[in-house]
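*Asks:* I am attaching a structure below and will ask some questions about it afterwards.
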Amino acid sequence: MGRRSQGEAGAWSMDLVRAISTLRDAAGMTNQELIERSEMSASYFYGRLRGAAPFDANDIEKLAQALGTHPHEISRVAASIGDAREIEPILDADATELARRLSAVSRAPRLDGSAFDVDGLVSELAERGVALDRDEWATLLAGDSSTPIRVRVLEGVGAYAGVPTAYLLDLDDAAAVEAAEANFEFREALKASGADSVSARAVGEISPAALRAIAQTLRSISAQ
């Protein structure tokens, strides 16, 4: 098994243990079946189950494979158990409204004019040290209130799409909504017109009303 982490399991490690137990029960699996499928010894597994030492990253990967899931899923379930906010900040927000905004972000061209691409987002987030998979992204877009809304994911989405983070993190900021969605409208019209996408970076402090007027003009030109 290789060298193991030493010392008692901390709070996050115990949340991972609870997540593993939750996913084991959901899979209709016993501890013995999980031990055999993950190729761990019973003493090793039960020692970590009671917190004598933490499961390490390789263990989590083996357990996820045995459970028929991804290590990210174990982390995501763990984030919803207990108080994991100091480790992974979670946003308390209206999941339905956030889903609407994330959908708007994903439909609009990025700041450089390229299309929003989930695989590109996942890759860029990974470079920032943030794990995201398509399943979690799909639950966010669906407005699933049972899924923890991770602040670092939203910050990464904003950076990838070229959207102010206030649009995703402060759902009560009406000015941020107006500014961002007018900018989306402008980007879409700019792309449809065939204009240089770099122009989207040059709008500066133009008001939302002015951006929408410009967008309308661009659409009119494109329609001719």
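The values are calculated or read from the model by the stated rules, or taken from the named source; none is laboratory data. Quantities reported herein were computed from a predicted structural model and do not represent experimental measurements. Because the Cβ atoms are built from the backbone with ideal geometry, glycine has one as well, and the counts that use them run over all protein chains shown. The protein model used for the area step is the full one, side chains on, heavy atoms only, and it has no ligands, DNA or RNA in it. Shrake-Rupley method; radii C 1.70, N 1.55, O 1.52, S 1.80 Å.
*Asks:* If SER114 satisfies all but one of (1) under 21 Å from the mean Cα position of the chain (by Cα); (2) open to solvent by 50 Å² or more (accessible area, probe 1.4 Å); (3) not aromatic (Phe, Trp, Tyr), what's the number of the condition it fails?
*Replies:* (2)
*Asks:* While we're here: Of everything in the stretch 39-64 that's at pLDDT 90 or above and touching a Pro at 6+ places or on another chain (Cβ under 9 Å), which residue is nearest to ASP135 (Cα to Cα)?
*Replies:* ALA64
*Asks:* Checking ASP172 against (1) among the acidic types (Asp, Glu); (2) at pLDDT 90 or above; (3) under 16 Å from LEU98 (Cα atoms); (4) open to solvent by less than 60 Å² (accessible area, probe 1.4 Å), which test does it fail?
*Replies:* ASP172 satisfies every listed condition except (4).
*Asks:* Considering only the stretch 52-62, I want to know if a residue exists there that is assigned to a loop (DSSP other than H, G, I, E, B) and open to solvent by 70 Å² or more (accessible area, probe 1.4 Å).
*Replies:* Scanning the stretch 52-62 turns up no residue that is assigned to a loop (DSSP other than H, G, I, E, B) and open to solvent by 70 Å² or more (accessible area, probe 1.4 Å).
*Asks:* Being surrounded by 16 or more Cβ atoms within 10 Å (Cβ to Cβ) and modelled with pLDDT of 90 or more narrows it down to one of ALA200, ALA182, so name that one.
*Replies:* Going through ALA200, ALA182 in turn, the sole match is ALA182.
*Asks:* Are any of the residues in the stretch 3-10 surrounded by fewer than 19 Cβ atoms within 10 Å (Cβ to Cβ), out of contact with any helix residue (DSSP H, G or I) (no Cβ under 7 Å at 6 or more places or on another chain), modelled with pLDDT under 90 and of a type in the set (Asp, Glu)?
*Replies:* Yes, the conditions are met somewhere in the stretch 3-10.
*Asks:* Please name all residue pairs, on different chains or six or more residues apart, with Cβ atoms under 6 Å, provided the first residue is in the stretch 37-59 and is closer than 17 Å to ALA78 by Cβ and of a type outside the set (A, V, I, L, M) and the second residue is assigned to a loop (DSSP other than H, G, I, E, B) and open to solvent by less than 30 Å² (accessible area, probe 1.4 Å).
*Replies:* ARG48/PHE55; GLY51/ALA9; PRO54/ALA9
Let's see how each residue does on (1) out of contact with any Asp or Glu (no Cβ under 9 Å at 6 or more places or on another chain); (2) open to solvent by 40 Å² or more (accessible area, probe 1.4 Å); (3) of a type in the set (S, T, N, Q):
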site	(1), (2), (3)
ALA26	yes, yes, no
TYR44	no, no, no
GLN65	yes, yes, yes
SER75	no, yes, yes
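*Asks:* Looking at (1) at pLDDT 85 or above; (2) open to solvent by 60 Å² or more (accessible area, probe 1.4 Å); (3) of a type outside the set (D, E, K, R); (4) in a helix (DSSP H, G or I), which is the one condition that is false for LEU154?
*Replies:* (2)
*Asks:* Please specify each residue of the stretch 125-151 satisfying the condition of being open to solvent by 30 Å² or more (accessible area, probe 1.4 Å) and either free of Cβ contacts under 8 Å to residues at least 24 places away in the same chain or of a type in the set (A, V, I, L, M) (or both).
*Replies:* ALA126, GLU127, GLY129, ALA131, ARG134, ALA138, THR139, LEU141, ALA142 - these are the residues of the stretch 125-151 that are open to solvent by 30 Å² or more (accessible area, probe 1.4 Å) and either free of Cβ contacts under 8 Å to residues at least 24 places away in the same chain or of a type in the set (A, V, I, L, M) (or both).
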